[in-house]
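Working notes, beginning with the structure itself.
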Amino acid sequence: MSRRLSEVFAQTKSADRAALIGYLPAGFPTPDASIELMNAMIDAGVDAIEVGLPYSDPLMDGADIQFAVDAALSAGTTTDVVLDVVRRLDGERAAILVMSYWNPIERYGVERFAVALAAAGGNGVITPDLTPEEAGPWLAATKANEIDRIFLVAPSSTDDRIVTVVKNTSGFVYAASTMGVTGARSQVGAGAQGLVARARLATDLPIAVGLGVSTGAQAHEVAAYSDGVIVGSAFVRCIRQAVDLPAALAAVRTLAGELAEGVNRRAG
Amino acid sequence: MTTVSTAAVSGHYGPYGGRFVPEALTAALDELDAAFRSAIVDPSFIDRLTELERSYTGRPSPLTRADRFAAHCGGARVYLKREDLNHTGSHKINNAIGQALLTQRMGKTRMIAETGAGQHGVATATAAALLGLECTVFMGEEDTRRQALNVVRMQLLGAEVFSVTAGSRTLKDAINEAMRDWVSTVERTHYVLGTVTGPAPFPEIVRYFQSVVGREARKQIQEAEGRLPDAVIACVGGGSNAMGLFSGFIDDPSVQLRGYEAGGDGVETGRHAARFAAGSPGVLHGTRTYVMQDEWGQTIASHSISAGLDYPGVGPEHSWLHDTGRATYEPINDAEAMEAFALLSRTEGIIPAIETAHALAGAMRVGRELGSDAVLLLNLSGRGDKDVATAARWFGIGAPEGIEISEGR
């Protein structure tokens, strides 16, 4: 079992920083390379890893992540491969989560997936296209297997919706900073801070902000009002631009280090 | 056969339907749901819709008795519901105008749409021009090549056509891209989904605007025959023309509902779009329904000579009609469809869309099965002008100069 999210957030809080959560699709560019890359992110200070489960129709994702999941699927990354990646990550030092669109989980079997993930040492799942209304069997399966289930809130969520979402969430609440898809942006959505404030009124759970964060400076800005900073596309872009795996590992370490400094509220 | 009520219960049809979307879209879907429900009880909205159907679309569409074609359908009496005679040449305009009026009602100024064959894109671009709305249509790059004529039509109508190069570069990828645009621009944009699938309330809304087909046809066939038909027949891609026709007869247990999906090169080849014959329940594009997917839940690309049926999912209400046995669905392969395409052209002087040709091939089967006393009612969902190049290639007819023959698949 990897580190629990509750433990991660308690520690980052006491250290006066936000948790740094890094995303990469399992299997990008190959299953083995993705493990090396994610472990390098952990080495450089990432507190939790979101292991992306590649899906053929990623309608929440922008161009960088679409490219990466297509490559991962072409490299033969099945759900069983994703679970193997989870098993081989350094869970002593980071919480290991899975981010997946709903159909692959439903197809694998809701209960079976929760059991297999727990056995692999993963302990949380982010489901970007599942809302609590459709999640009946998932709520039961995650509870029975002590898997944190992370739902999203968005700038367009009404206060009533936020209450419904956080009531069914555990681990942390994922606040989508902007109305849009994943991808690095020059500015983090202006609505993010207001959304975090609204969510705080509804829950004591940690709140992490994702979508559009790609630099240490942006991470620092978001860490001032949130409990966690989620970065995905920027890591994917580093890897796309690298000429080979050693270069990709170096780029990922550099970016993770910069972001880890950024999430420290006392720095800068 | 029992009567099955398929009325949506909070967007669900038995285990199918629902809303599998990013939270960011929930508010927009709730807004759409509220706008739809208030519109359909507002006499001024209904009056406007009815007037446009009459004076712009050209409704009611006629019912044509097709005796020479019927001779190839076991001698059954065959009636064609002529949606091909609508403005823009297919049933798609019924939904596009309805949703364009909803767009205005919500105070939005821009519409986006996905399109495969281009018929829904053309219909949406048309409605946008009529009502003075901005319009962007997402179309897979592969389909922009296959249906180049419709790309130009959309551009002439003032729409922007966005060629989608992600994934398999066909309809399913166009839907992904439309969803991505929508989540980023939802404050001023309405997504005009073209068929009875997607997250609730889309399947219900599209069915509502297409139900005019079934309503008219029920009245017309009773006037012509003094009784209900034995079977109503339609092709099923996403399933909007079928749902429109079926909706008029769903509560009549004596009327068989027959849907025909694309068998492509043959179901046994794996190159098809036969969701019921070879798919399984899953979640795609925001709804739970029958999906062509592999053992890991990855969508399998579909194949059909007909771009409009070339889609790996299907509307959730069809899935429920299938499971309950109220409707039956069978695949028609490319060759059978093209044979029916040629037959209708030569026996009735009507060149159908290749999508529709799948329903015509179905009628030939049903007629032979039910015999000469049977009355069949078929939705002639679209005309075949857009398919002339594909058909010329299929039949080996030399194309006149100036017509580009797209690559068949």
Rounded to 5, percent antiparallel among DSSP beta bridges of chain B
30
Helix-only mean residue ellipticity at 222 nm, chain B, DSSP H runs n ≥ 4 weighted -39,500 (n - 2.57), per residue, nearest 500. What is it?
-13000 deg cm²/dmol
Taking the alpha carbon gyration tensor of the stretch A:1-136, what are the square roots of 5 times its eigenvalues, largest first, to the nearest whole Å?
22, 18, 15
I'd like the accessible area for A:CYS238: 1.4 Å probe, protein heavy atoms, all chains in place, Å² to the nearest 10.
30
In whole percent, what relative contact order does the stretch B:95-253 give with Cα contacts below 8 Å and a gap of six or more residues?
22
Given H placed 1.01 Å from N in the peptide plane, which residues other than close sequence neighbours of A:TYR23 have an amide H under 5 Å from its amide H?
A:GLU50, A:VAL231, A:GLY232
Inter-chain shielding of A:123-135 (mean C-beta neighbours from other protein chains, 10 Å cut-off):
4
What list of ³J(HN,Hα) couplings, whole Hz, do you get for the stretch B:328-334 from phi and the Karplus terms 6.51, -1.76, 1.60, once you set θ to phi - 60° and write x for glycine and proline?
10, 10, 9, x, 10, 7, 3
Taking each residue in B:298-306, count the Cβ atoms of any other chain within 10 Å of its Cβ, then average. What number comes out?
2
Long-range amide H partners of A:VAL98, meaning residues 5 or more apart or on another chain whose placed amide H is closer than 5 Å, are A:VAL51, A:GLY124, A:VAL125, A:ILE126
Descending principal axes extents, the stretch A:196-268, alpha-carbon based, whole Å
46, 23, 15
So for the stretch A:3-262, taking the charge dipole from beta-carbon charges (+1 Lys/Arg, -1 Asp/Glu), which of A:PRO31, A:ALA260, A:GLN11 sits furthest toward the positive end?
A:GLN11
Need one number: the % of Cα-Cα pairs in chain B sitting beyond the 35 Å mark.
19
Of B:GLY263, B:GLY286, B:PRO316, whose Cα points farthest to the positive end of the dipole of the stretch B:224-320 (charges on the beta-carbon: +1 Lys, Arg; -1 Asp, Glu; origin at the Cα centre)?
B:GLY286
Stokes-Einstein D in µm²/s, Kirkwood radius over Cα pairs - the stretch A:3-262 at 4 °C with 1.567 mPa s viscosity:
73
Quick query: amide H of B:THR287 versus all other amide H atoms, modeled in the peptide plane; which residues come in under 5 Å with a sequence gap of 5 or more or a different chain?
B:PHE20, B:GLY198
In Å and from the alpha-carbon atoms only, list the Rg and Dmax of the stretch B:24-64.
14.5, 47
Solvent-free Debye scattering, log10 I(q)/I(0), computed from the Cα coordinates of the protein assembly as shown at q = 0.07, 0.09 Å⁻¹
-0.47, -0.75
So, relative contact order of chain A in percent, Cα under 8 Å, 6 or more apart, is 22
Checking rank on B:148-157, A:101-110, A:17-26, with mean other Cβ inside 10 Å and highest first, the result is A:17-26, A:101-110, B:148-157
Setting aside same-chain residues fewer than 8 positions from B:LYS92, which lysines have a Cα under 28 Å from its Cα?
B:LYS81, B:LYS108, B:LYS172, B:LYS219, B:LYS386
If you take the alpha carbon radius of gyration of the stretch B:79-184 and divide it by 2.2 N^0.38 Å, what ratio comes out, to two decimals?
1.03
How large is the accessible surface of B:LYS92 in square angstrom, using a 1.4 angstrom probe and rounding to the nearest 10?
40
Across B:164-171, the residue-averaged tally of Cβ atoms belonging to other chains within 10 Å stands at 2
Total accessible surface hidden between B and A, rounded to 100 Å², 1.4 Å probe:
2800
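The values are calculated or read from the model by the stated rules, or taken from the named source; none is laboratory data. Values in this document were obtained by computation on a predicted structure and should not be read as measured data. All Cβ positions, glycine included, derive from the backbone under ideal geometry; neighbour counts span all protein chains shown. The area values use the complete protein model at the heavy-atom level, side chains included, leaving out ligands, DNA and RNA. Shrake-Rupley method; radii C 1.70, N 1.55, O 1.52, S 1.80 Å.
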